[in-house]
Protein chains: 2
Amino acid sequence: MSFDIKQFRDIDPGQRVLMGPGPSDVPPRVLQALSAPCIGHLDPTFLTIMNETQDLLRHLFQTENELTIAVSGTGSAGMEACFVNLVEPGDEVVVCVNGVFGTRMCDIVGRLGGKLIRVDAPWGKTIDPNAVREAVKGKDPKVLAIVHAETSTGVCQPLDEIKTIAGDAGALFLVDMVTSLGGMEVAIDKMGIDAVYSGTQKCISCPPGLSPISFSPAAMDVLRNRKAPVVSWYLDMSMVSSYWGNERKYHHTAPINMNYALREALRLIAEEGLEARFARHLVNHKALVAGVEAMGLSMLVAEGERLPMLNTVRIPEGTDDLKVRKVLLSDYGMEIGGGLGDLAGKVWRVGLMGHTSRRRNVVLFLSALETILKAQGAKIIPGKALDAAAAVYT
Amino acid sequence: MSFDIKQFRDIDPGQRVLMGPGPSDVPPRVLQALSAPCIGHLDPTFLTIMNETQDLLRHLFQTENELTIAVSGTGSAGMEACFVNLVEPGDEVVVCVNGVFGTRMCDIVGRLGGKLIRVDAPWGKTIDPNAVREAVKGKDPKVLAIVHAETSTGVCQPLDEIKTIAGDAGALFLVDMVTSLGGMEVAIDKMGIDAVYSGTQKCISCPPGLSPISFSPAAMDVLRNRKAPVVSWYLDMSMVSSYWGNERKYHHTAPINMNYALREALRLIAEEGLEARFARHLVNHKALVAGVEAMGLSMLVAEGERLPMLNTVRIPEGTDDLKVRKVLLSDYGMEIGGGLGDLAGKVWRVGLMGHTSRRRNVVLFLSALETILKAQGAKIIPGKALDAAAAVYT
């Protein structure tokens, strides 16, 4: 193999404005923590860092769950960790599907030999509790799973009623909070959630690579009383919890530096304060929507069902989706997301997650989008977006 | 929950000399790459970084295997990825066991419903090819798995004869190279290896968090012809390979910054040159052994069967294992590893991996150990170790 090392140049990814569906902009302090010297995974200093990370995660999840840790993989590993520990072959599992991530849950349940009970809603709409109630009738589900913040559509799912249905059916309530955690209220104890997973690269604004998860005592009971061993050694929480817990039993080598970064990102969140952080996400979201609508564009999701951190904007007819995103990236260094599945070419996914959720990004996005759409000859209302956004901040 | 964010201080892990079984010392350039700005996982710049990382991995593995990537988890995730993709329920799998990691392979095979054919050797010894030949007789194994560099014992396993046995039996040859990759010759195409996994935090000297793996065309055939879907969605290489390959189909969000760091660590390896790097590991290992033996201590593993990057030193009788390691850490900032399983309290595991494998670390370790053992009243031969080590370098 001919191989010239000189062709591989210094890392220089530039500096994007990350307004896609994640990763979001990472604050300098988090990058600095990430590059602290690596130490051993059983070093007393690292064990302290693990403990502190757990405390900070509990604060963010507003939980007292003992098993509250960062899985050594990305958000999808967290999803898999929840299902693989709680579902055994033959178990009935209700999965609510209104986007990519509900669909993925079904895929995982199938691989694990679970009996899938699927409840669908159109992409861009919330799951109807009545449909869930209907689906559960006469069944004995072990787990009822749903996505809180569907990153593929921008829908925010109300959880209260569905939690009650899960409870009445004797099912564990498993919730995907990959995109909501850190950007809106997620009080899992109060919300009655038994198993939850998230990701670091959305509203926590840490690079991707870890997945915060938490299991309630009821979920731990189910784990302890399994008939068969967890099919995944790597994600077996009965062993992973021994490493994060007081026993400190070696399981696998934790991603040391990623845990530094997560701890720092969580520290930033606690310093800002949860309420202030959630309010910040909300106001920037409202300003972005006001601007987009003033421009004559429309949102995919109905008012009242929108996520504050992920905005799905309908692409105006006759607009070249890919070209708009390409110009945003090349001329403004800004990343936004395209649509997935049936929504491909129909919506843009504009993230305002964590550190990205700032007024200057809202203004930059609206200004850039208007300029690009005008240049493309799209039918928009010019000159109104910035005032509409500004009005939200006053 | 009472919660005072002021109790969580700035990250300051200090600067260790990492001479345990991994992680090893991370070079400044790798930490710098790690903290480059995060960008999107589908950003053209990141896709180029992925391609380059694959090229650099192929160079290090000395392979042309298309599926040569970094799994988004630590070495144990890589182990699981190999087995979960290649083994289906009911498949016969030969696993050679002479330490912790062979034992872990058996655990994983059991979880996947494979029929385990286990070949044991005492910890600290190599696997006897005749025992493997015997075990395979009349069987139809799909996979034959073995550990190249047993990190729990320091044994280097010759692979040639066992590869032939696997081939004759029609089994895929699956090898754990977590600790060998980057520190000694690992030419997987030439060696006839079908599936291999490694870790980033050993001789590659990148922080933990990714697992380089490679599948031969024969392994890819087995993957493509599976009857059942891969039980792990996260580690399903038929999907992961579409993200790393030309299709660029979104699967999960790659750990962006960890991939920056891996690329930089691999670039450092290529700049040094494989031969020079392996020679460096060997000479430092020989110097350490010469010093240890001159001190009157002995090695667990017989000469000729030792790993160049992981030295298992017998703890002299009457020595307080934990105290020695504690003083090394507190007074010298140096981490070495203790023994695992039956070897707990009987050996120290002294790593000379990647960036750690330097003359100054050999000298520092020998000096510190001699001082500590003398202070503990251990029966050692003083004043000889440094000269013995120096002689190796001349």
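About the Cα centre, and with charges only on the beta carbon of Lys, Arg (+1) and Asp, Glu (-1), how big is the dipole of the protein assembly as shown? Nearest 20 debye, please.
680 debye
For segment B:108-178, state the semi-axes of the equivalent ellipsoid (square roots of 5 times the eigenvalues of the alpha-carbon gyration tensor), sorted largest first and rounded to whole angstrom.
Those come to 19, 15, 11 Å.
For each of A:K6, A:K249, count neighbouring Cβ atoms within 10 Å of the residue's Cβ, then give the residues from fewest to most.
With the sparsest Cβ surroundings first, the list reads A:K6, A:K249.
If you take every DSSP beta bridge fully contained in chain A, what fraction is antiparallel? Give it as a percent rounded to 5.
The antiparallel fraction comes to roughly 45 percent.
Quote the FRET efficiency, to the nearest 0.05, computed for B:E64 versus B:D12 with a Förster distance R0 of 60 Å and r equal to the Cβ-Cβ distance.
Efficiency for this residue pair is about 0.85.
Along its principal axes, what span do the Cα atoms of segment A:1-41 show, with the longest given first and each in whole Å?
Extents along the principal axes: 39, 34, 16 Å.
Expressed as an acute angle from 0 to 90° and rounded to the nearest 10, what is the orientation of the C-alpha long axis of helix B:256-272 relative to the principal long axis of chain B?
70 degrees
B:E272 to A:L116: FRET efficiency via 1/(1 + (r/R0)^6), r the Cβ-Cβ distance, R0 41 Å, to the nearest 0.05?
With R0 = 41 Å, the Cβ-Cβ based efficiency is 0.20.
Of the candidates B:D331, B:D176, B:D25, which one comes out as most mobile in a Gaussian network treatment of chain B with C-alpha springs shorter than 10 Å?
Among B:D331, B:D176, B:D25, the largest GNM mean-square fluctuation belongs to B:D331.
Please state the shape class of segment B:132-260: rounded when a/c is under 1.5, otherwise prolate if a/b exceeds b/c and oblate if not, all from the C-alpha gyration tensor.
Oblate, since a/c reaches 1.5 and b/c is not below a/b.
With both partners inside segment A:61-171, how many of the DSSP beta bridges are antiparallel, as a percent to the nearest 5?
Rounded to the nearest five, the antiparallel share is 20 percent.
Just tell me which lysines come within less than 17 Å, Cα to Cα, of B:K125; anything on the same chain fewer than 8 places away is out.
B:K346
Please compute P(r) over all alpha-carbon pairs of the protein assembly as shown, binned at 20 Å starting from zero, and give each bin as a whole-number percent.
Histogramming the protein assembly as shown at 20 Å steps yields 17, 48, 29, 6, 0 percent.
Inside 10 Å of the C-beta atoms of B:28-36, what's the mean count of C-beta atoms belonging to other chains?
6
Antiparallel as a % of all DSSP beta bridges within the protein assembly as shown, to the nearest 5?
DSSP beta bridges in the protein assembly as shown are roughly 45 percent antiparallel.
Which whole-number percentage describes the relative contact order of segment B:65-165, with Cα contacts under 8 Å and a sequence gap of 6 or more?
29 percent
Order of B:Y332, A:Y250, B:Y197 from fewest to most other C-beta atoms within 10 Å?
Arranged by neighbour count, lowest to highest, B:Y332, A:Y250, B:Y197 become A:Y250, B:Y332, B:Y197.
Helix B:75-86: angle to the longest alpha-carbon principal axis of chain B, degrees 0 to 90, nearest 10?
Long axis of B:75-86 versus the principal axis of chain B: about 30 degrees.
Does chain A come out rounded, prolate or oblate, given a ≥ b ≥ c as the square roots of the eigenvalues of its C-alpha gyration tensor, rounded meaning a/c under 1.5 and, failing that, prolate meaning a/b above b/c?
Taking the square roots of the gyration eigenvalues as a ≥ b ≥ c, chain A is oblate.
Which whole number gives the average, over all residues in B:324-331, of C-beta atoms from other chains lying within 10 Å of the residue C-beta?
So the per-residue partner count for this stretch is 1.
Taking only the alpha carbons of segment B:220-303, what extent do you get along each of the three principal axes, in Å, biggest first?
Dimensions of segment B:220-303 along the principal axes of its Cα atoms: 56, 32, 22 Å.
Determine the relative contact order of chain A: mean sequence separation of Cα pairs under 8 Å and six or more apart, normalised by residue count, in whole percent.
Computed over chain A, the figure is 23 percent.
7 Å from Cα along Cα→Cβ at both B:K346 and A:A279: what's the point-to-point distance in nm?
Each label point lies 7 Å from its Cα, and together they span 6.4 nm.
Taking the Cα centre of each part, how many Å lie between segment B:112-179 and segment B:351-367?
Each part's Cα centre sits 31 Å from the other's.
Highest GNM mean-square fluctuation, chain B, Cα pairs closer than 10 Å: which of B:V231, B:V289, B:V363?
B:V231
Sort A:128-138, B:29-39 for me by packing, meaning the mean count of neighbouring Cβ atoms within 10 Å per residue, highest on top.
B:29-39, A:128-138
Starting from a Cα-only point model with no solvent, please compute log10 I(q)/I(0) by Debye for segment A:49-168 at q = 0.16, 0.17 1/Å.
-0.84, -0.94
Measure nothing but the geometry: give the 0 to 90° angle between the long axis through the Cα atoms of B:100-111 and the longest principal axis through the Cα atoms of chain B, rounded to 10°.
Helix B:100-111 sits at roughly 30 degrees to that axis.
Stokes-Einstein D for segment A:344-394 at 20 °C, 1.002 mPa s, Kirkwood Rh over Cα pairs, in µm²/s?
In µm²/s, the coefficient is 174.
Evaluate E = 1/(1 + (r/R0)^6) for A:N225 and A:L42, where r is the Cβ-Cβ distance and R0 equals 30 Å; express this FRET efficiency to the nearest 0.05.
According to the calculation, E is roughly 0.50.
Return the Cα extents of segment A:273-393 along principal axes one, two and three, sorted largest first, each rounded to a whole Å.
The principal-axis extents, from largest down, are 42, 33, 28 Å.
Using modelled amide H (1.01 Å from N, peptide plane; none on Pro or chain starts), what sits under 5 Å from the amide H of B:V97, excluding residues fewer than 5 places away?
Amide H neighbours of B:V97: B:V119, B:D120, B:A121.
Quick one: among B:G354, B:G114, B:G99, which has the greatest mean-square fluctuation in a GNM of chain B with alpha-carbon springs under 10 angstrom?
B:G114
Charges only on Cβ, +1 for Lys and Arg, -1 for Asp and Glu: so what's the dipole of chain B about the Cα centre, in debye to the nearest 20?
My answer is approximately 680 debye.
What percent does the relative contact order of segment A:120-162 come to when contacts are Cα pairs within less than 8 Å and at least six residues apart?
Rounded, it is 45 percent for segment A:120-162.
FYI, it's all coordinate maths here, none of it is from the lab. Predicted model, so just to flag it, every value in this text is computed and none were measured. Counting neighbours? That spans all protein chains shown, and the Cβs are built from the backbone with ideal geometry, glycine included.
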